[in-house]
1. For B:Thr33, indicate whether it is more than 30 Å from B:Val333 (Cα to Cα) and either modelled with pLDDT of 90 or more or among the hydroxyl-bearing types (Ser, Thr, Tyr) (or both).
2. Out of all the residues in the stretch B:111-122, which are within 7 Å of chain A (Cβ to nearest Cβ), in contact (Cβ under 8 Å) with a residue 24 or more places away in the chain and under 20 Å from B:Ala203 (Cβ atoms)?
3. Being facing another protein chain (nearest Cβ under 9 Å), crowded, with 22+ Cβ neighbours inside 10 Å and of a type outside the set (A, V, I, L, M) is the filter here, so list the residues in the stretch B:172-207 that pass it.
4. Do we have B:Ala142 as more than 19 Å from B:Met358 (Cα to Cα), assigned to a helix (DSSP H, G or I) and touching a Gly at 6+ places or on another chain (Cβ under 9 Å) here?
5. Looking only at the stretch A:40-56, count how many residues are closer than 21 Å to B:Arg210 by Cα and within 7 Å of chain B (Cβ to nearest Cβ).
6. From (1) of a type in the set (Val, Ile, Thr); (2) under 19 Å from B:Ala278 (Cβ atoms); (3) crowded, with 20+ Cβ neighbours inside 10 Å, pick out the condition that doesn't hold for B:Val63.
7. If I filter the stretch B:306-356 down to residues being among the charged types (D, E, K, R) and more than 13 Å from chain A (Cβ to nearest Cβ), which single residue comes out as nearest to B:Ala369 (Cα to Cα)?
Amino acid sequence: MTTTLVLLDVAAKAARMAQQDPYGWIMTLVAVSVVFLTLFLLQYCYRFIGWASTREEAPTGVHSQKAARRKDAAGKAGAETEVAAAIATALSLEASGEVPAVIGLALDRYFSESVHDKESYIITIKRKY
Amino acid sequence: METIIENLSQFWQYTGFANATWQHLVMILIGLTFITLGIVKEWEPLLLVPIGFGMIVGNIPLVAGLQVSIYEQNSVLNILYQGVRLGWYPPLIFLGIGAMTDFSALISQPKLMLIGAAAQIGIFGAYVLALAFGFAPNEAGAIGIIGGADGPTAIFLSSRLAPELMGAIAVSAYSYMALVPVIQKPIMLLMTTKKERLIRMPAPRAVSQREKIIFPIVGFILTAFVVPSGLPLLGMLFFGNLLKESGVTRRLAETARGPLIDVVTTLIGLTVGASTQADVFLSAKSVMIFGLGLLSFIIATTCGVGFVKIWNLFRPEGSKLNPLIGNAGVSAVPDSARVSETVGREADPKNHLLMHAMAPNVAGVIGSAVAAGILLSFLG
């Protein structure tokens, strides 16, 4: 019953669209604009988050040494990303399919340490009595 | 003796041999082709093998009333098919995709997200063409989503907008996803010069764990506020990614990207394949859907590569983008990114585009889910 009602609603909306926008240009214009706007807003959000994140790591005062070390590590990770892609490419010369891409991504994740979960390693046992 | 012959004759009437038509045999042949391509060529085997076998299952000639066909109420296949018909399976697959996708490439280069948006023009290009070919707007919307190169999204949207076309749309979407290297490479070569193919891009910066955790939360809130109708897909995609990146829900993330997505992929492949019964599937409409699907892939690739070329006109020398990553704006992850890498390496063996192409590639997943939400809000 619900499915029938939904399909009737779809048919009614489709009929209205066929009347208002028979060639689909208006729909296309609106939809493409919305997709662009959404991803445009999203990229600005991430740019801001990225900017805030890297700014936090910039060398200042007494923490400069520590920050410089972080920067070095970031540079190393960037280089290692290329290494990962290079290994994947080299492997793809021997094998085809998804294996090289998967290895490349796995290596990249390994180098950027995102594959390791952070566990507290604290086991709490509550006595019942 | 007469009774035995009568019984045997009655039994014969129930067999597939007595009820077979040439349409059944054609569909079984198509199913066998899918299985062969999956096993021999290894083209999307996780999808083509279940879909191909499902096609054979769905086209075994049957007498009505046996309660075994996928379209017969309460048969086992019919119950499993509800996940496709009512759209439960695609969001669960998106949960798994979110839990297995590393968005680092995108977070480190957010500007490349716009390439993912440009490639979605393929969806709406196919929508306009489908209307011109006489399809109703809801059918045209369901057909257009093939250009997103995203099987679960295609199933989700077509189950809502045009359930009667879902089999053809799903098979078309998955077939072209398997053929991404064959379709995209010539277009990329045609649209780029040798000089453009040699452009090198700097290595993406390292991304902190905090950024990775913030990504799914911000991404979900923003996209769901703009397109609430895409909630099932976007919610599950970003939720899966949060499980992965939070670092404290390892078991949940592993289940989502492992056993859960495997089970759902098996069921979705088998039931979509079984839904392509000869009497529904073998029609002029299906042939047109396959043609429009191919055109939508071509438009999506052209728009992705063309967008990067136009963008480069406004970028200073030294920070230009390699247009070969433009094809990766469709959401066939990681196949289209791999095509960028392969074609880029053919021009310069030391130029690796894989990590750069992954950014528009995963943006394409978000973009196609947003596009599906828009189509649903207009037509659903």
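The values are calculated or read from the model by the stated rules, or taken from the named source; none is laboratory data. If you're wondering where the values come from, they're calculated on a predicted model, not measured in any experiment. Quick reminder, even Gly has a Cβ in these numbers, built from the backbone with ideal geometry, and neighbours come from all protein chains shown.
1. Criteria not met by B:Thr33.
2. Step one: list which residues in the stretch B:111-122 are within 7 Å of chain A (Cβ to nearest Cβ), which gives B:111, B:113-114, B:116-117, B:120-121.
Next, from what is left, pick out any that are in contact (Cβ under 8 Å) with a residue 24 or more places away in the chain: B:113-114, B:116-117, B:120-121.
Listed by number, the list holds a single entry, B:Met113.
3. Passing the criteria: only B:Pro204.
4. For B:Ala142, the condition - more than 19 Å from B:Met358 (Cα to Cα), assigned to a helix (DSSP H, G or I) and touching a Gly at 6+ places or on another chain (Cβ under 9 Å) - is not met.
5. Going through the stretch A:40-56 one residue at a time, the tally reaches 9.
6. So the condition that B:Val63 fails would be (3).
7. B:Lys309
A quick yes/no check of all residues on (1) surrounded by fewer than 24 Cβ atoms within 10 Å (Cβ to Cβ); (2) in the same structural domain as B:Leu231 (by TED's automatic domain parsing); (3) polar (S, T, N, Q):
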{"residue": "B:Gly122", "(1), (2), (3)": "no, yes, no"}
{"residue": "B:Gly125", "(1), (2), (3)": "yes, yes, no"}
{"residue": "B:Leu131", "(1), (2), (3)": "no, yes, no"}
{"residue": "B:Ile143", "(1), (2), (3)": "no, yes, no"}
{"residue": "B:Gly151", "(1), (2), (3)": "no, yes, no"}
{"residue": "B:Phe156", "(1), (2), (3)": "no, yes, no"}
{"residue": "B:Ser159", "(1), (2), (3)": "yes, yes, yes"}
{"residue": "B:Pro163", "(1), (2), (3)": "yes, yes, no"}
